[in-house]
């Protein structure tokens, strides 16, 4: 079975959705999503057991800056007024409450709305450390992935999102995946041209795109 080939780890949920699309499923398929929500919660979806009252007792959240600060001094070096949490290398901010770690973007949603987000929290401007209330939204995994802005360095060269170098044809190509189908955009002489064409298509086909 295809699903059994995936190791359930902190990065598997998004891959699972991609796998479902490639075998003819969709993110909206009830059985597939039910399987996803029954998996061990990953680093994006994890919610905590502490109460809203406990969070408000310990922390202040500034909706305009997106920053959490401690209301009271705790054990160790934490003093009242100190900024809470630490920034990871990937930009996400992690805060520890009563020994349990929580992601600041999900905590911000919980702090304001009184309930945990039902899906993924997407940073609208692509900055994963910007947890202002106006910059976070509760979206489906599909919409969340559609707001990707930064390309990854590839072995064949290039770093711009949507641009791929073809060793065979010695040109840059661009394609986009939407509704489970990969659409070919075209061939280009430069990485920048392929990237620009991809961004134009992304704005057209990806509802989650905010570029």
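The table below lists the values:
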item	result
Euclidean distance between Cα centres, the range 166-193 to the range 123-145, Å	27
Fully extended contour minus Cα-Cα distance, from residue 192 to residue 113, at 0.36 nm per residue	24.3 nm
Full-stretch length increase - residue 72, residue 175 - with 0.36 nm per residue and alpha-carbon distance subtracted	31.9 nm
Nitroxide proxy distance, nm - points 7 Å out along Cα→Cβ at residue 65 and residue 200	4.3
Chain lengthening between residue 182 and residue 56 when straightened (0.36 nm per residue, less Cα-Cα)	40.8 nm
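Taken together, the values in this text are just the output of simple stated rules run on the coordinates, not laboratory data. None of these values were measured; they are calculated from a predicted model. Backbone-built Cβ (ideal geometry, glycine too); neighbour counts: all protein chains shown.
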